[in-house]
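Contents: one structure, followed by commentary.
The values are calculated or read from the model by the stated rules, or taken from the named source; none is laboratory data. Please read these numbers as outputs of a predicted model, since none were measured by experiment. Backbone-built Cβ (ideal geometry, glycine too); neighbour counts: all protein chains shown. Quick note on the areas: whole protein, heavy atoms, side chains included, nothing else; ligands and nucleic acids left out. Shrake-Rupley method; radii C 1.70, N 1.55, O 1.52, S 1.80 Å.
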Amino acid sequence: MPQTPPFAAMFDSSGYNRNLYQSKEDNCGGLYYHDNNLLSGSLEALIQHLVPNVDYYPDRTYIFTFLLSSRLFMHPYELMAKVCHLCIEQQRLSEPGLDKNWIQKIAPKILQLLTEWTETFPYDFRDERMMRNLKELAQRIASGDEMYRKKVQQLLQNLIRKLTAVSQYEEVLAKIDATSTDRLTVLKTKPQSIQRDIITVCNDPYVLAQQLTHIELERLNYIGPEEFIQAFVQKDPLNNDKSCYGDQKKTRNLEAYVEWFNRLSYLVATEICMPVKKKHRARVIEYFIDVARECFNIGNFNSLMAIISGMNMSPVSRLKKTWAKVKTAKFDILEHQMDPSSNFCNYRTALRGATQRSLTAHSNREKIVIPFFSLLIKDIYFLNEGCANRLPNGHVNFEKFWELAKQVSEFMTWKQVECPFERDWKILQYLLTVPVFSDDALYLASYESESPENHIEKDRWKTLR
């Protein structure tokens, strides 16, 4: 039986496994190969290539790449219906009387394909039509054999467990949003001890970095690979009136993760602008610099970037007297690491280092790689924009999708790491639910701390008051 290797092992440096296609000619049945690499094919031929038969099982890199990219051309439930149809056709065309024999040969392969689909793209099955087709095909496999019946049951149980988990996660997110709505926007003067500050909740920057890593890994873990593709769905050029997937979005874990980044930036700015005393503000800045450094050491680049962007917000960066009291050497190093020039060249080097470390890691701690997420989305977006989905002859441009799948599969490896640090619920609760200032409230607090310096600032302060 084909085994399911870890994601990192799926793609070699060229994007996919080169020795899979040795037996294929350059152009066979609507698929075009060059040097044994599948470059393009008609949509129908690619679907055929996904469906196992008695002598053939598709390579796992192909399954992942096609399931990921096919949704740009058709709904997953349409693909599932075609797969079911092709399996049933095969059975019908097998010699009469060999039905049982056919089931025994093909069942493990179809079961394996369904397992890979349900494990890697479980959110596809939030669609009732998908579930119906899955159960129908599973039923057909299981009908003849007790062993397959058990395996099918296990597959369905695992899938339902994943779907239940994501529903519970969404409920928790909704509760958190309800608790943390911005209650502080109406402030007219600087709040005095309106809330505990971060340092009284957690005085150890290392522990705070670890708790941030908990939140990051949990939220990463819920993002489905298909959410990257759905983020930039366009209409299929061969079928103008049909938006391929926009109306079918079943999750918003990717958006929730981006919102978390914004929240963390505003939380950092709020904590810095809130204290009345300059000395206290400087201490909070130094504290966050230490948190950010530890995030860098852990490999948590997303929290690191959120902290830096919070410190660079203008209500914080304008506090010159406060910054004069801060030892900024450590901050300068971090800013240099995350410097956006040359397309974030320094960060990309650090990310490669963390990725290398994670490949040879002996502990979960060394495996952690949490990318700067907005940049990851941007890279995938530009890769998608930079090449056409279809070639002039109507073929699907599969070379592009190998590249896309390679980037997404790297992310899949990172999101599966379990957080090695102990949870501190009190700190997590604070990070996720404490109210944060809006832009206006941040400026107001900032002007209360250090008076406006020019006409623009003075006018703004008057308006805010």
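So Val54 passes all but one of these: (1) open to solvent by 20 Å² or more (accessible area, probe 1.4 Å); (2) of a type in the set (Val, Ile, Thr); (3) at pLDDT 95 or above. Which condition number does it fail?
The failed condition is (3).
If we scan the stretch 91-99, do we find a residue that is open to solvent by less than 40 Å² (accessible area, probe 1.4 Å), under 20 Å from Ile141 (Cβ atoms) and at pLDDT below 85?
Within the stretch 91-99, one or more residues are open to solvent by less than 40 Å² (accessible area, probe 1.4 Å), under 20 Å from Ile141 (Cβ atoms) and at pLDDT below 85.
Find all pairs meeting these conditions: Cβ atoms under 6 angstrom apart; at least six residues apart or on different chains; first residue within the stretch 342-354 and closer than 12 Å to Val369 by Cβ; second residue assigned to a helix (DSSP H, G or I) and basic (Lys, Arg).
Taking only residues 6 or more apart or on different chains, not a single pair turns up.
Provide a single number: the residues in the stretch 254-282 that are within 23 Å of Lys325 (Cβ to Cβ) and open to solvent by less than 40 Å² (accessible area, probe 1.4 Å).
Total satisfying the criteria: 12.
For residues that are at pLDDT below 90 and surrounded by fewer than 14 Cβ atoms within 10 Å (Cβ to Cβ), scanning just the stretch 146-173, find the one that is farthest from Trp425 (Cα to Cα).
Looking at residues that are at pLDDT below 90 and surrounded by fewer than 14 Cβ atoms within 10 Å (Cβ to Cβ), I get Glu146.
Quick check on my filter: what residues within the stretch 329-363 are among the polar types (S, T, N, Q) and more than 22 Å from Asp290 (Cα to Cα)?
Ser341, Ser342, Asn343, Thr355, Gln356, Ser358, Thr360, Ser363 - these are the residues of the stretch 329-363 that are among the polar types (S, T, N, Q) and more than 22 Å from Asp290 (Cα to Cα).
Given the criterion part of a loop (DSSP other than H, G, I, E, B) and in contact with a Lys or Arg (Cβ under 7 Å, 6 or more places away or on another chain), identify the matching residue among Ala361, Ala388.
Answer to the check: Ala361.
So in the stretch 364-421, with the set limited to residues that are among the hydroxyl-bearing types (Ser, Thr, Tyr) and open to solvent by 40 Å² or more (accessible area, probe 1.4 Å), which one is nearest to Tyr222 (Cα to Cα)?
Only one residue tops the list, namely Thr413.
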